[in-house]
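> Just passing along the structure, written as structure tokens.
The values are calculated or read from the model by the stated rules, or taken from the named source; none is laboratory data. Note that the structure is predicted; figures quoted are calculated from it, not measured. Neighbour counts run over all protein chains shown; Cβ positions are idealised from the backbone, glycine included. These area figures cover heavy atoms from the full protein model, side chains too; ligands, DNA and RNA do not enter into them. Shrake-Rupley method; radii C 1.70, N 1.55, O 1.52, S 1.80 Å.
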Amino acid sequence: MRVLLVEDEQRLSEALSYILKKNRYAVDTALDGISGQEHAETSIYDVIILDRMLPGRDGISILRNLRSQGIKTPVLMLTAKDTIADRVEGLDAGADDYLIKPFSTDELLARIRALGRRQSEVTQGDSLQAAALILHPMRGEVECGDSLIKLTMKEAQLLELFLRNKGQVITKDQILDRVWGIDSEVDLNNVEIYIYYLRKKLEPLPAGIRIETIRGIGYCLREVTDV
Ligand code: CA
């Protein structure tokens, strides 16, 4: 699991990051609101831990911004205040859960595990859509108008990753990490091969989407209006 930690108190950030890594999470940290938002927009995380009061941009506006872009990564908000109005504001902005400072690390870990679980339940149940294309991840099927095509498991996982991160650039390393697992022996050439197969399967469909190659970086799925 990959976690983004946006917290401006350096010592707290270091302590949390240490604990998370010890519990086998991959952790990126940001110490202010601007870089926090940048990370959240450009990389893929399973959970975002977002402090409410941050220099640069506060947690609530970051969260509103992410949700308005369709980024649905579960967010655990950290807050120093506990009033009803604060809770409502955080939840309204799209927070999935929140923790009031100070909190115990056990509590934090339990909340993160719960959010991670919720995320994978959503992944298994839902169908995902972009333009005219609908993916049913569990069945590995793509629906588009009257057509229904079958994908292999890896193709379906790859397309799912793209659909969950529509419009975002996904690096080849992230694809390897998310589709094959970080410890896998598979190399980056496999990513290219699978992209090739996936494009070939989707090509005949009037889906209104395109998987763009971002040279030297990775790929990005976009909806196109002129199809
Ligand atoms: Ca703070």
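> Whether any residue in the range 206-216 is at positive phi, open to solvent by 80 Å² or more (accessible area, probe 1.4 Å) and in a loop (DSSP other than H, G, I, E, B) is what I want to check.
Yes, the range 206-216 contains a residue that is at positive phi, open to solvent by 80 Å² or more (accessible area, probe 1.4 Å) and in a loop (DSSP other than H, G, I, E, B).
> Could you give every pair whose Cβ atoms fall below 9 Å, whose first residue belongs to the range 179-201 and is at pLDDT below 80, and whose second residue is among the charged types (D, E, K, R) and assigned to a helix (DSSP H, G or I), counting only separations of at least 6 or pairs across chains?
Trp180/Lys154; Ser184/Asp177
> For the range 136-195, give me each residue that is part of a strand (DSSP E or B) and open to solvent by 20 Å² or more (accessible area, probe 1.4 Å).
Once the filter is applied, which keeps residues that are part of a strand (DSSP E or B) and open to solvent by 20 Å² or more (accessible area, probe 1.4 Å), the range 136-195 yields His136, Glu141, Glu143, Ser147, Leu148, Ile149, Lys150, Thr171.
> Does any residue in the range 64-80 that is within 17 Å of Ser43 (Cβ to Cβ) and assigned by TED's automatic domain parsing to the domain that holds Phe103 come within less than 7 Å, Cβ to Cβ, of a residue that is away from the ligand (no atom under 16 Å from the Cβ) and among the hydroxyl-bearing types (Ser, Thr, Tyr) six or more places away or on a different chain, and which pairs are these?
From the range 64-80, the pairs are Thr73/Tyr45.
> Out of Tyr25, Tyr45, which single residue is over 22 Å from Cys220 (Cβ atoms), open to solvent by less than 60 Å² (accessible area, probe 1.4 Å), touching a strand residue (DSSP E or B) at 6+ places or on another chain (Cβ under 7 Å) and modelled with pLDDT under 90?
That would be Tyr25, the only listed residue that is over 22 Å from Cys220 (Cβ atoms), open to solvent by less than 60 Å² (accessible area, probe 1.4 Å), touching a strand residue (DSSP E or B) at 6+ places or on another chain (Cβ under 7 Å) and modelled with pLDDT under 90.
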